[in-house]
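First up is the structure itself, then whatever we jot down about it.
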Amino acid sequence: MKRQTKILLLVMSGLLLGLTGVVLAERDDHEHEYEHEEHEHGYLQRWFAPTRPVISPVVSQLYQEECGSCHFAYQPGLLPAVSWQQIMQNLDDHFGENAELGEAEQAAIQDYLLSLSAGRVDQGLPRRIKASLDGMTPPLRITKTRFFLHEHDEIPQLMVQDNDQVRSFSNCDACHSRAAQGSFREHEILIPGYGRWDD
Amino acid sequence: MFHRLSIALTTSLALLPLSATADATTQLQAVYLTQGVERFDAADGAALWQQQFTHAKSGQQRSCTLCHTAQLGNPGKHARTGKPIEPMAPSVNPQRLTDKAKIEKWLKRNCKWTLGRECTPQEKGDLLSFIRNQ
């Protein structure tokens, strides 16, 4: 065999080995190693279905500018449509603030939120969030969804409410380092003043 | 003929500040002038900036300074979320007072939140005169 061919084969094998290693490491990273086929399961099965904790990042520029200027731009998939609708119809009293918009902007943002809301998007994290709301009136706050409460029920008050750098569970990107990218994975969590969250 | 032409030219130039190429503040104040305002007073705007208003429901004392502070050259902070707010002073933050729609949106929201009502054209004009000099 020519020397060049030998070197090429060596490099290719090395790459293949390396790639396999990366893929395996990536898979180890996940809390679960597979995704269910999303069929008509009961709400508990849908709530606790293994998925990666990622959600479509906010792609609407308008939403980012108008709604991300005071707080984290919560992805539409984090709430069901009926909650988003109520929020958008009451912007003059938006959790105690006035967040009024021009008619056109309001309509555009409402359409955007509803079309990508939990339930309308029926897979991944939005699906789990929607399922967790089974039988209850959908809350207006993401932090009051059963899914959220369950995921955060072990976090002590001193790390959030009493933590100057976090202050509230509404402040997703204070701890979730890739929240803006739609990722809420446990190993990405860095609680200011406390470090990594280790379950 | 040249006399007429020069008059026409001078008049157009004189009216230039009120044209669409005028800055955002001037455009807005031009509108307020058609809404019963006679003149603007930056000192009145400064007073309004500092004034405390009691929120009926909660009793909270609210003013512009609550989020924007009394020194417009300083950054502010959202009173509730803690989110940093860039300085309002155009001398420090040249982006301020350049976007008409943005000015109107925030005046509407913040007047309603702070004063409990929309600001009158007089108040808005005075505020703009005050802010633009900072």
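Every number here is computed from the coordinates shown, using simple stated rules; none is lab data. Here the structure is a predicted model, which is why all the values come from computation and not from measurement. Cβ sites come from the backbone with ideal geometry, for glycine too, and all protein chains shown count toward neighbours.
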To test your reading of the geometry: what angle, between 0 and 90 degrees and rounded to tens, separates the Cα axis of helix B:100-115 from the longest principal axis of chain B?
40 degrees
Could you give me D for segment A:35-140, from Stokes-Einstein at 25 °C and 0.890 mPa s, where the hydrodynamic radius is the Kirkwood radius over C-alpha pairs? Units µm² s⁻¹, please.
169 µm²/s
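When N is the residue count of the protein assembly as shown, what does its C-alpha Rg come to as a fraction of 2.2 N^0.38 Å?
Details: Rg = 27.2 Å, N = 333, 2.2 N^0.38 = 20.0 Å.
Output field value: 1.36.
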With bins 10 Å wide starting at 0, give me the P(r) of segment A:152-199 over every alpha carbon pair, in whole percents.
28, 62, 10
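Rounded to the nearest 20 Debye, what is the dipole magnitude of segment A:35-140 about its Cα centre when Lys and Arg each give +1 and Asp and Glu each give -1 at the C-beta? Let's see the in-between values first.
Values: 6 positive and 15 negative charges, 110 e Å.
Magnitude of the dipole: close to 540 debye.
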On a 0 to 90 degree scale, rounded to 10, what angle separates helix A:103-115 from the longest Cα axis of chain A?
50 degrees
In deg cm²/dmol and to the nearest 500, what is the mean residue ellipticity at 222 nm of chain A if only DSSP H runs of at least 4 residues count, each as -39500 (n - 2.57), divided by the residue total?
-11500 deg cm²/dmol
For a quick check, take a GNM of chain A with Cα springs below 10 Å and name the residue from A:I155, A:I142, A:I109 with the largest mean-square fluctuation.
A:I155
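May I ask you to derive the FRET efficiency for A:D92 and A:Y43 from their Cβ-Cβ distance with R0 = 22 Å, giving the value to the nearest 0.05?
Efficiency, from the Cβ-Cβ distance: 0.05.
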Ranked by GNM mean-square fluctuation in chain A (Cα springs under 10 Å), the top entry among A:L91, A:L17, A:L78 is A:L17
Taking the Cα-to-Cβ direction at A:S183 and at B:E104 and moving 7 Å from each Cα, how far apart do the two end points lie in nm?
4.2 nm
I'd like to know which of A:H152, A:P192, A:G182 lies farthest towards the positive end of the charge dipole of segment A:152-199, counting +1 on Cβ of Lys and Arg and -1 on Cβ of Asp and Glu.
A:G182
Along the dipole axis of chain B (charges at Cβ: +1 for Lys and Arg, -1 for Asp and Glu; origin at the Cα centre), the most positive-end residue among B:A42, B:A70, B:S6 is B:A70
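Taking square-rooted eigenvalues a ≥ b ≥ c of the alpha carbon gyration tensor, is chain B rounded, prolate or oblate, where a/c under 1.5 means rounded and, failing that, a/b exceeding b/c means prolate? Walk me through the numbers on the way to the answer.
Details: a/c = 2.98, a/b = 2.10, b/c = 1.42.
In terms of gyration-tensor shape, prolate.
Could you tell me which of the pairs A:K144/B:K124; A:K144/B:K57; B:K83/B:K124; B:K83/B:K112; A:K144/B:K108 are separated by over 28 angstrom between their Cα atoms in the structure shown?
As for pairs spanning more than 28 Å Cα to Cα, those are A:K144/B:K124; A:K144/B:K108.
How much length, in nm to one decimal, is gained on full extension between B:K112 and B:S91, taken as 0.36 nm per residue of separation minus their Cα-Cα distance?
Details: separation 21, 0.36 × 21 = 7.56 nm, distance 2.67 nm.
Gain in length upon complete extension: 4.9 nm.
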Magnitude of the charge dipole, chain A, Cβ model with Lys/Arg +1 and Asp/Glu -1, debye to 20
1020 debye
Cβ-Cβ FRET estimate between B:S58 and A:K144, R0 fixed at 22 Å, reported to 0.05:
0.55
Could you list A:S13, A:S56, A:S117, A:S132 so that the one with the fewest beta carbons within 10 Å of its beta carbon is first and the one with the most is last?
A:S13, A:S56, A:S132, A:S117
By the C-alpha gyration tensor axes a ≥ b ≥ c (rounded if a/c is under 1.5, else prolate when a/b exceeds b/c, else oblate), the shape of segment A:101-163 is oblate
Candidates A:E154, A:E188, A:E66, ranked by Gaussian network fluctuation over chain A, Cα under 10 Å, top entry:
A:E154
Roughly what angle does helix B:121-132 make with the longest principal axis of chain B, taking Cα atoms, 0 to 90 degrees, to the nearest 10?
90 degrees
Footprinting proxy, B:W106, A:W47, A:W197: sorted fewest to most Cβ within 10 Å, the residues are B:W106, A:W197, A:W47
Once you measure Cβ to Cβ distances between cysteines in chain B, which Cys have no partner under 4.7 Å?
B:C64, B:C67
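Taking the Cα centre of segment B:23-132 as the origin, how large is its charge dipole in debye, to the nearest 20, when only Lys and Arg (+1) and Asp and Glu (-1) carry charge on their Cβ atoms? Display every interim value, and only then the final one.
Details: 16 positive and 10 negative charges, 123 e Å.
That gives a dipole near 600 debye.
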Above 28 angstrom, tally the Cα pairs of chain A and express them as a % of all pairs, no decimals.
38 percent
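Give me A:M12, A:M159, B:M1 ranked fewest to most by other Cβ atoms within 10 Å of their Cβ, as a rough exposure proxy.
Values: A:M12 10, A:M159 16, B:M1 5.
Arranged by neighbour count, lowest to highest, A:M12, A:M159, B:M1 become B:M1, A:M12, A:M159.
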